[in-house]
Ligand SMILES: [Mn+2]
């Protein structure tokens, strides 16, 4: 209290106290003599008077301070109320039964005073969730106004902040974000060349009108020309409308030009999200290119750092995927890896060197782009010979660091993880179907003939049956992207091994590109002699193989079947290799090799030159596969019984029931 005393108050009190002390001293000194009674009496009364003045002074001062305090409290109370109103904050205090006990002035002004005594759900159902602590903050709408609300449990108070303006501006900002679009006209010149001049003009006018209408309907800005393609700028809300309408432009052009006998489609790429304009524009160009690679006649939409959506694009267009230039695919793969958070790569179950080396190549590419990558493989299923050579070529530490099981891979799978499937495109054949089903962004790289069962909804794929092996395709991809900072030298050796095994020592599916790929691998550091040395058949393997081949018979013209001995057990990989060797013999249309595998199961491996559907035959025996490569594994039948069934099926002519193809597995 005394801190607030002004100086003159203090001086006065000190002066009075000094007077009292002097008076008292005088009294004590002179009391015994008692001579000057009058003087003592006067001084004593002065002392008493001063004392009374000091007491009075203190009393009045405390009264004044108290008054000031009360005033301040009132001001603060008033300020608080106005501050809350100014900040658009209201309070609702609840009763123990969650009915409204009190509302602050701010809310009362909004007419919410009428809810006092009523249950909180009268105000909003969402508040129940807030109070039960399921969520920490909600936004609710009360009479056209939006409020953000939090709940203070201890005081059973709901704080409501009126945020209508904020939400309005936020939504406006979201809706008016710019979306970048790039549109190109597929097959324009080729198609026009075939038309009469008047139709050429009509087609061009038709396309331009459609584009212009599209821009007008969705309030967009269209720039460009028909030769180089168009750029379009749209507001996000208008773009969303176009998206909900499935981009009518695409269908209108495809269907509309038909009446002029033209065959023209559009490819469009759109991008949006939180990024600078240049990055969004680049992403739109990439998306448009992706639409072209996928066969055109479609829209590719990408959110910056988010997912890719495809609209349009028919099944016919999908077939052109396998014809896309590997160089373009390499670029696309490179972009996708750069955009992903991390990479997982997976081959087929019971991985061979083609799968393993392609997977390792992807790991190395990802690492050269500073992305974390893992190869998913179940090493228990890999055959012992492959595993032995793998551990001879690849350092143990590398395998431990980079090779993981499907179960471990789930921990690495996030929304923005890119899963690359190599050496198969069949969802049943992958090493971990579970991982595949959970992945969002998928790319397939394969060299097997496209079957009915293929992984759907990929971002992009490279499936080319004209390539000997996935390792060959991966070699070209590395070459085109110039990943010159790959340092793991063993990679070139295992890729070489992948090509050697898939071509059965350059005996099957080998083209000029295969040799070129091997040349590149050698340049980069592969040692063909080392790899060949490791892969060489041991004498025992050769004896096993020739023992089987020596049993081969032609059971019908062009059908060769080799059956092993009852007491012979071989690697399943031998069976496929022997069938391929038999298929290479003159006039052979289909070859079948039957023997027990190391687990004592009767196995059959079938190959055909593309005239005979061995898939149907194998399916009838309880197996499966593709038109020109299929297999059966049976723990019920012995090899003799399997052979007898096979002969019956071949004689029945079941293999003719599907249209022929000239492609070779
Ligand atoms: Mn392969």
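The values are calculated or read from the model by the stated rules, or taken from the named source; none is laboratory data. Just so we're clear, the structure is a prediction, and the values are computed from it rather than from any experiment. Ideal geometry is used to build each Cβ from the backbone, glycine not excepted, and the neighbour counts take in all protein chains shown.
Points to keep in mind about this one:
- For residue 308, the conditions (1) under 18 Å from residue 444 (Cα atoms); (2) modelled with pLDDT of 80 or more; (3) buried (at least 17 other Cβ atoms within 10 Å of the Cβ) are fulfilled apart from (2).
- The numbered conditions (1) out of contact with any strand residue (DSSP E or B) (no Cβ under 6 Å at 6 or more places or on another chain); (2) touching a residue at least 24 places away in the same chain (Cβ under 8 Å) are all true for residue 512 except (2).
- None of 365, 343, 356 is away from the ligand (no atom under 16 Å from the Cβ), touching a residue at least 40 places away in the same chain (Cβ under 8 Å), within 26 Å of residue 503 (Cα to Cα) and buried (at least 24 other Cβ atoms within 10 Å of the Cβ) except 365.
- Within the stretch 505-533, the set of residues being within 16 Å of the ligand (Cβ to nearest atom), surrounded by 17 or more Cβ atoms within 10 Å (Cβ to Cβ) and outside any helix (DSSP H, G or I) comprises 508, 509, 510.
- The set of residues from the stretch 368-383 being closer than 24 Å to residue 428 by Cβ and either away from the ligand (no atom under 16 Å from the Cβ) or buried (at least 19 other Cβ atoms within 10 Å of the Cβ) (or both) comprises 374, 375, 376, 377, 378, 379, 380, 382.
- Strands (runs of 3 or more DSSP E) within the stretch 552-665 that include 1 or more residues modelled with pLDDT under 85 and in contact with a strand residue (DSSP E or B) (Cβ under 8 Å, 6 or more places away or on another chain): 629-634
- Test: residue in the stretch 281-300 that is in contact with a helix residue (DSSP H, G or I) (Cβ under 7 Å, 6 or more places away or on another chain), part of a loop (DSSP other than H, G, I, E, B) and free of Cβ contacts under 8 Å to residues at least 40 places away in the same chain: yes
- For the stretch 214-251, filtering for residues that are part of a loop (DSSP other than H, G, I, E, B) and either over 19 Å from residue 264 (Cα atoms) or out of contact with any strand residue (DSSP E or B) (no Cβ under 7 Å at 6 or more places or on another chain) (or both) leaves 6.
- Figure legend. Inter-residue proximity from the stretch 81-108: first residues touching a residue at least 24 places away in the same chain (Cβ under 8 Å), second residues part of a loop (DSSP other than H, G, I, E, B) and surrounded by 15 or more Cβ atoms within 10 Å (Cβ to Cβ), beta-carbon distance below 6 Å, spacing 6+ or different chains. Indicated pairs: 90/104; 91/104; 94/156.
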